[in-house]
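Quick notes on the structure that follows.
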Amino acid sequence: MAVFKPENVEDLYEIGEVLGSGHFGQVRQVRERATGTCWAGKFLKIRKGACSRLGLERSSVEQEVEILQAVQHPNIVTLKDVFESRAEVVLILELINGGELFDFIAAKDNLLESEAIEFMKQILEGLGFMHSKNIAHFDLKPENIMLADKVSPQHNVKLIDFGLAHHFNQGEEYRSTSGTPQYIAPEVINCEPLSTAADMWSIGVITYILLSGMSPFQGETNQETLGNIIAMKYEFDPQYFSMTSSMAKDFIQKLLVKDPNDRMTAEECLLHPWIKPITRTQLAK
Ligand SMILES: COc1cc(-c2ccc3ncc(-c4cccc([C@@H](O)NCCN(C)C)c4)n3n2)ccc1O
């Protein structure tokens, strides 16, 4: 069993404002007393007693910490420290000031292709690094993609929320039906064995949204959304895609593929001509 620091987190950090909350618990800004540096504290309630339904299983928190410790990358949020009290675990994480990609898109309806390509490159760099370590995120969506700051034109991307992430052991079969309906792959809905390819389906959905502001499979209800995914019912509506390049559509089509084995991997995405245009020299050959 992983051991986290037993010190009282408030002895080392001044607890500040709530930045946000979700299924995971609360995220608060915290200030390191020794240095004055500000961090993000992710406060997780831990289930006490086998019959309790409140809070998270400690084992799932241990898995998230193990994964965060394994994936140190410029496009993945950094974990600095972990504290535990009787019924709470606090993850001390780098503070990300640029907000969620979701809000960035909402403020702009949709993005220029050049902006979308820059975002996708960074998302794919971070995801490719995770996948190279046999770790899948399993909850990729614009809300879990944050921007390091609001001002730099490069919008340094940070992947967050590894609460559903999984580290595959050699030859292991893993199934889960967790995730957010709009973004989950057909094999998740069908409760089939999963792989890192499920993340690549989500990348296809995220790219579609970045370029159009629309969600490819969203229905009136979750049930309808799931039905649309299983039926592969989506289109590039000219009302939203008339200005989108055929290369961008090809990129999406090579990800929204029912058979996970036929989907592009993160590495293949980074070599796709939409992301990595063929140079004049290459064309001249
Ligand atoms: C590592 O796992 C997470 C990290 C973070 C995280 C890390 C650093 C950081 N700096 C600022 C913030 C922040 C700022 C405003 C709102 C939120 C959060 O409530 N919403 C983030 C996405 N949400 C859908 C999980 C988080 N965060 N959030 C949030 C949720 C996580 O599950």
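Numbers at a glance
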| item | result |
| --- | --- |
| In degrees, nearest ten, helix 58-70 long axis to first principal axis of the chain (Cα) | 60 degrees |
| Average accessible surface area per residue within the stretch 1-92, 1.4 Å rolling probe, Å² | 57 Å² |
| GNM top mover of ALA248, ALA87, ALA198 - the chain, alpha-carbon springs below 10 Å | ALA87 |
| About the Cα centre, charge dipole magnitude for the stretch 1-122 (Lys/Arg +1, Asp/Glu -1 at Cβ), debye | 520 debye |
| Prolate/oblate/rounded label for the chain (Cα gyration tensor, a/c 1.5) | prolate |
| Mean separation of Cα contacts under 8 Å, 6 or more apart, over the residue count of the stretch 6-147: relative contact order % | 20 percent |
| Residue among MET243, MET232, MET120 with the largest mean-square fluctuation in a Gaussian network model of the chain, springs linking Cα atoms under 10 Å | MET243 |
| Mean ellipticity per residue at 222 nm, deg cm²/dmol - from DSSP H runs of n ≥ 4 across the chain, formula -39500 (n - 2.57) | -9500 deg cm²/dmol |
| Sequence of ARG280, ARG28, ARG58 from largest to smallest accessible area, 1.4 Å probe | ARG280, ARG28, ARG58 |
| In Å², nearest 10: area of LEU112 left accessible to a 1.4 Å probe | 110 Å² |
| Value of relative contact order over the stretch 92-191, rounded to a whole percent, pairs C-alpha under 8 Å and six or more apart | 31 percent |
| Rg followed by Dmax, in Å, when the stretch 1-117 is reduced to its Cα trace | 16.4, 51 |
| GluC sites (Glu not before Pro) within the stretch 96-204, DSSP loop, no more than 15 other Cβ atoms inside 10 Å | GLU172, GLU173 |
| Residue among ASP103, ASP250, ASP11 with the largest mean-square fluctuation in a Gaussian network model of the chain, springs linking Cα atoms under 10 Å | ASP11 |
| log₁₀ of I(q)/I(0) at q = 0.11, 0.16 Å⁻¹ - the stretch 98-192, Debye sum with one point per alpha carbon | -0.37, -0.74 |
| Burial ranking of peptide ranges 162-168, 93-99 (average Cβ count within 10 Å, highest at the top) | 162-168, 93-99 |
| Partners for LYS158 among lysines (Cα-Cα distance below 19 Å; same-chain residues under 8 apart left out) | LYS42, LYS80, LYS121, LYS133, LYS141, LYS150 |
| Over the stretch 58-136, relative contact order from alpha-carbon pairs under 8 Å, at least 6 apart, % | 29 percent |
| Cα gyration tensor category, rounded, prolate or oblate, for the stretch 95-254 with a/c compared to 1.5 | oblate |
| Cα-based shape type of the stretch 239-285, given that a ≥ b ≥ c are square roots of the gyration tensor eigenvalues and the cut on a/c is 1.5 | oblate |
| Of all accessible heavy-atom area on the chain, the percent that carbon and sulfur account for (1.4 Å) | 51 percent |
| Convex hull (Cα only) mean projected area of the stretch 52-124, reported in nm² to one decimal | 7.1 nm² |
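The values are calculated or read from the model by the stated rules, or taken from the named source; none is laboratory data. Here the structure is a predicted model, which means the values were calculated and not measured. Neighbour counts are summed over all protein chains in view; Cβ atoms, including those assigned to glycine, are modelled from backbone coordinates with ideal geometry. Ligands, DNA and RNA are excluded from the accessible area calculation, which covers all protein heavy atoms including side chains. Shrake-Rupley method; radii C 1.70, N 1.55, O 1.52, S 1.80 Å.
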